[in-house]
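Novice: Before anything else, here's the structure in question.
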Amino acid sequence: MRPREYDADRFDRMRRIGWLDVDRIQNSKCLVVGAGALGNEAVKCMVLAGFRRIAVVDMDSVAVSNLSRCVLFRDEDAGVNKAEVVARRASELCPDACVAPLASKVQELKDWDYDIVFGCLDNISARLHTNSHACFHGIPYIDGGTDGFRGKVQVVLPGGPCLECAVNKSHMRVLDSRFSCTGGGTVFVPKAAAEITTASVIAAMQVREAIKILSGKSDLCIRGICYYNGESCESDTLTLSVDPACPNHEETL
Ligand SMILES: [Zn+2]
């Protein structure tokens with residue numbers, strides 16, 4: 001090999017992580033639900049890491065207040081569907097990536113033929129919908145969430161404890177609340193605090209967990225929910241077990 005020939009390989013440094021399966025990552029088909037702060041960061045990490053078949057779903061439009069934490073949005077995108085903007089800019093970042101925008105609610109999706117589903121959502125109702133469909137189709141689901149400087153990542157593997165296993169009564173009280181970043185819902189809920197550094201950390205963790213799964217290293221994944229506190233820079237993991245009352249496991253119990 002001539003000196004620096006290895007630098008011609010876009011994924012050379014990734015391949016140096018011995019167990020990382022670049023080919024499997026490139027051939028995987030993934031769904032990103034939500035094209036807000038987490039969705040922007042997740043798709044950015046995905047296309048850079050070699051993911052090439054990505055669908056992004058979001059019904060919201062870009063607002064100026066999104067620009068402090070969405071790397072793929074620009075001022076001129078205000079009013080344009082978020083999924084469409086993310087898909088276009090991600091394709092500019094990596095032209096050989098196929099990023100398909102779906103300008104709709106996740107509840108309207110018919111196709112669930114994916115290898116990994118990412119939850120980059122801001123409401124519990126859509127999270128539980130996505131979780132139940134991923135469980136039904138046996139697709140690993142990686143859910144992220146942020147609240148100011150705090151965030152969490154939950155990895156749901158087929159047959160394992162899911163989001164609904166972990167839902168408590170406080171979640172159920174706001175189940176039908178829709179509190180999007182642009183406030184298009186029928187129920188007014190004050191906007192949650194959000195900033196880019198926590199979104200970046202959480203989305204990166206989500207993509208990292210997907211890389212593990214696709215590389216056959218699910219044993220390295222978060223077991224349950226990883227809580228991240230950006231104020232103290234500490235994290236803690238809550239391990240979960242399957243709730244026998246959870247409707248998403250009827251066939252496995
Ligand atoms: Zn469950």
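The values are calculated or read from the model by the stated rules, or taken from the named source; none is laboratory data. Quick caveat, the model's predicted, so the values are computed rather than measured. Note that we place each Cβ from the backbone using ideal geometry, even for glycine, and neighbour counts take in every protein chain shown. Ligands, DNA and RNA are stripped out before the accessible areas are found, and what is left, the full protein with its side chains, is counted by its heavy atoms. Shrake-Rupley method; radii C 1.70, N 1.55, O 1.52, S 1.80 Å.
Novice: Scan segment 228-244 and report the pairs whose first residue is away from the ligand (no atom under 16 Å from the Cβ) and whose second residue is aromatic (Phe, Trp, Tyr), with Cβ atoms within less than 6 Å and a gap of 6+ or a chain change.
Specialist: So the pair list comes out as Gly230/Phe149; Glu231/Phe149; Ser235/Tyr228; Asp236/Tyr227.
Novice: Turning to a different aspect of this structure: Considering each residue of segment 42-99, count those that are under 19 Å from Gly144 (Cβ atoms) and in a strand (DSSP E or B), and give that number.
Specialist: Narrowing segment 42-99 to residues under 19 Å from Gly144 (Cβ atoms): 42-49, 51, 54-60, 66, 68-73, 82-83, 86, 90, 99.
The next check asks that each one be in a strand (DSSP E or B); those that pass are 54-57, 99.
The qualifying residues number 5.
Novice: Check Val64 against each of (1) open to solvent by 20 Å² or more (accessible area, probe 1.4 Å); (2) under 15 Å from the mean Cα position of the chain (by Cα); (3) among the aliphatic types (A, V, I, L, M) and name the one condition it does not meet.
Specialist: (2)
Novice: Same structure, new question: Within segment 10-29, how many residues turn out to be open to solvent by less than 20 Å² (accessible area, probe 1.4 Å) and either in contact with an Asp or Glu (Cβ under 6 Å, 6 or more places away or on another chain) or β-branched (Val, Ile, Thr) (or both)?
Specialist: The total comes to 3.
Novice: Regarding Leu102, is this residue open to solvent by 20 Å² or more (accessible area, probe 1.4 Å), over 27 Å from Ser218 (Cα atoms) and out of contact with any Phe, Trp or Tyr (no Cβ under 6 Å at 6 or more places or on another chain)?
Specialist: Working: open to solvent by 20 Å² or more (accessible area, probe 1.4 Å): yes; over 27 Å from Ser218 (Cα atoms): yes; out of contact with any Phe, Trp or Tyr (no Cβ under 6 Å at 6 or more places or on another chain): yes.
Here the answer is yes, as Leu102 does meet what is asked.
Novice: Could you figure out which of (1) more than 16 Å from the ligand (Cβ to nearest atom); (2) surrounded by 14 or more Cβ atoms within 10 Å (Cβ to Cβ); (3) at pLDDT below 95; (4) under 17 Å from Ile225 (Cβ atoms) isn't true of His171?
Specialist: The one condition His171 does not meet is (1).
Novice: If a residue has to be among the acidic types (Asp, Glu) and open to solvent by 80 Å² or more (accessible area, probe 1.4 Å) to count, how many in segment 206-243 make the cut?
Specialist: Restricting attention to segment 206-243, the residues satisfying the condition of being among the acidic types (Asp, Glu) are 209, 219, 231, 234, 236, 243.
Okay, now just the ones that are also open to solvent by 80 Å² or more (accessible area, probe 1.4 Å), so 219, 231, 234, 236.
Adding up the residues that qualify gives 4.
Novice: If Gly144 meets every condition in (1) within 11 Å of the ligand (Cβ to nearest atom); (2) in a strand (DSSP E or B) apart from one, which number is that one?
Specialist: The number of the failed condition is (1).
Novice: Between a first residue in segment 12-24 that is assigned to a loop (DSSP other than H, G, I, E, B) and a second residue that is of a type in the set (Ser, Thr, Tyr) and open to solvent by less than 40 Å² (accessible area, probe 1.4 Å), which pairs have beta carbons less than 9 Å apart while being 6 or more apart in sequence or on different chains?
Specialist: Taking only residues 6 or more apart or on different chains, the pairs are Ile17/Ser215; Trp19/Ser215; Leu20/Ser215; Asp21/Ser215.
Novice: Evaluate the following for Asn248: is it within 16 Å of the ligand (Cβ to nearest atom) and modelled with pLDDT of 95 or more? Steps first, please.
Specialist: Values: within 16 Å of the ligand (Cβ to nearest atom): yes; modelled with pLDDT of 95 or more: yes.
Criteria met by Asn248.
Novice: For segment 61-110, which positions are in contact with a strand residue (DSSP E or B) (Cβ under 8 Å, 6 or more places away or on another chain) and polar (S, T, N, Q)?
Specialist: Ser61, Asn81, Ser91, Ser104 - these are the residues of segment 61-110 that are in contact with a strand residue (DSSP E or B) (Cβ under 8 Å, 6 or more places away or on another chain) and polar (S, T, N, Q).
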